[in-house]
1. At 25 °C and 0.890 mPa s, grab the translational diffusion coefficient of segment 3-115 from Stokes-Einstein with a Kirkwood Rh over Cα pairs, rounded to a whole number in µm² per second.
2. What value, in deg cm²/dmol to 500, does the helix sum -39500 (n - 2.57) over DSSP H runs of n ≥ 4 give at 222 nm once divided by the residues of the chain?
3. Ordered by packing density, taken as the mean number of other Cβ atoms within 10 Å over each peptide's residues, highest first, how do 72-79, 60-67 rank?
4. Could you state the angle between the C-alpha long axis of helix 35-50 and the longest principal axis of the C-alpha atoms of the chain, as a value from 0 to 90 degrees rounded to the nearest 10?
5. Compute the long axis of helix 65-75 from its Cα atoms, compare it with the longest principal axis of the Cα atoms of the chain, and write down the angle in degrees, 0 to 90, nearest 10.
6. Taking only Cα atoms and a 10 Å spring cutoff, compute GNM fluctuations for the chain and point out the largest among Val69, Val45, Val24.
7. What's the angle, to the nearest 10 degrees (0 to 90), between helix 78-115's Cα axis and the longest principal axis of the chain?
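A short reminder: the numbers here are calculations on the coordinates, not readings from a lab. Since the structure is predicted, the reported quantities are computational estimates derived from the model, not experimental observations. Here Cβ is always computed from backbone atoms with ideal geometry, including for glycine, and neighbour counts include all displayed protein chains.
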Amino acid sequence: MDAGSNYAFIWLVYLAGAGGFFLVFWPLTKWPSARWLSYIVRGAVLALALTPWYANSQDSVLAPALMVVLLDTITLGPAEAVRALIPLILGLMVGLISATVLYVKRKKSNILINNK
C-alpha cells in the first residue's frame, strides 16, 4: 500500500472507532435532569475527538489535533504543542457554542409544541 491509501485507511479506522465510541457515549450522557450539561459534554467530546490539525508543521498531513498536542508535548515539549492547541481550543469553543445553540433551539421547539 502506498502512503496515500494508508493515510485514508488510517482516517477511516479512526472515524469508525470514534463512531463506535459515540454510539456508546451518547446514551450514557443522556441526563434528563441536566439536559444542557449533556449537550455541552457531547459537544466538547465531539470537538476534542474530531478537530484535525497538521501532524507536522512542514507537511500537509492532517491528524486529530488532540493526538498532535499530546505527541508534540511528549516528544518536542510543551512549547511546540501550542501550534495544535490553538485550533483544538477553537474547535472546542465552536463545539460548545453549537451545543448551546442546538439546546436552545430544541428547548424553544419543545415549548412551542407543548403550548399547542
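1. Answer, rounded: 154 µm²/s.
2. Helix contribution divided over all residues of the chain: -27500 deg cm²/dmol.
3. Packing proxy ranking, top to bottom: 60-67, 72-79.
4. Here the helix axis deviates by roughly 20 degrees.
5. Taking the Cα atoms of the chain, the angle to 65-75 is about 40 degrees.
6. Highest fluctuation among the options: Val24.
7. 20 degrees
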